[in-house]
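Values in this text are rule-based calculations from the coordinates and carry no lab data. What you are looking at is a predicted structure, and each value in this text was computed from that prediction instead of being measured. Here the Cβ positions follow ideal geometry from the backbone for every residue, glycine too, while neighbour counts run over all protein chains shown.
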Amino acid sequence: MDETIREVLTEHGRLAVDAGAIDEQADLFAAGMTSHASVNVMLALEDAFDIEFSERMLRKSTFESIAAIRAGVTEMQGG
Amino acid sequence: MSALSPAVLDATADELSSSLRLALGDRITEVAGPEGREPAGRAGSFPPPLRVGIDLVPVADVAAAVERMGRRYLYRVFTPHERACARIGAGARPSARSRYSAQALAARFAAKEAAVKALRPHGVRPEWRSIEVRRMDGGWCELRLTGLAGDLAAEAGISELSLSITHEPMVAAACVVGVSSGDVPARGRTSLPERKGL
């Protein structure tokens, strides 16, 4: 799952650092991800994992780090 | 760091108050209470309860999102009214071949983000379509809030929101100013009627 998340971030996150190497706890917004980029990341994650983030998941913290994204995706998958 | 005495704090507050009055002029009198120290109904809320949000969006980012995500992006982020306003060839019915102005979409996205900054949500943030940019007949735009966005405005006592957007080929920007009436409803209110300008 982490590899897919990093691929999505590489393609859509517009990070100022290498998404493949960034620490999983690192703040993605501090690393350059804009609010608009986070929308693209969300949509790409939905495509990649065949999920749809619910409205209550639409919070900045859901997408603030790779670890947070993993937790959100896992929750949406019913895990 | 040494603690300041209440007398010193009062004196400092008075100096700050005087400075703000000089800086803000008549604006202060609109929100100050009878004693001129606190806005009516907002004890402890000083300076005036204005909420400002601003955002800047590169047009190319939005164009790329439309290109990559297409309908999912357009329909997830923008309301039917917003899409209609941004559609090239206004008035045409949407179709699979509809084209949209990336500048117009970017300005609307900037407006949504600027509104979020003004609303200052803790935790869950409003869904994008709950903050709608309405184009008025005169050409200017207003915000209409529904759902959580409307709730946040109500909780903050914001009675009026003003929006300004602009766009150029490279970038779009928006500024939102919210004015509080000081009329803060009881906490726990979960829904508000949809209101023009909110």
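Data table
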| quantity | calculated |
| --- | --- |
| Rg/Rh (Cα only; Kirkwood hydrodynamic radius) as it applies to the stretch A:1-58 | 0.95 |
| Residue order, fewest to most beta carbons within 10 Å, for A:D50, B:D137, B:D61, A:D2 | B:D137, A:D50, A:D2, B:D61 |
| Neighbour-count ranking [beta-carbon atoms within 10 angstrom, fewest first] of B:T79, A:T4 | A:T4, B:T79 |
| Shielding by other protein chains, B:112-124, mean Cβ within 10 Å | 2 |
| Order of B:V133, B:V116 - criterion: other Cβ atoms within 10 Å of each residue's Cβ, fewest first | B:V116, B:V133 |
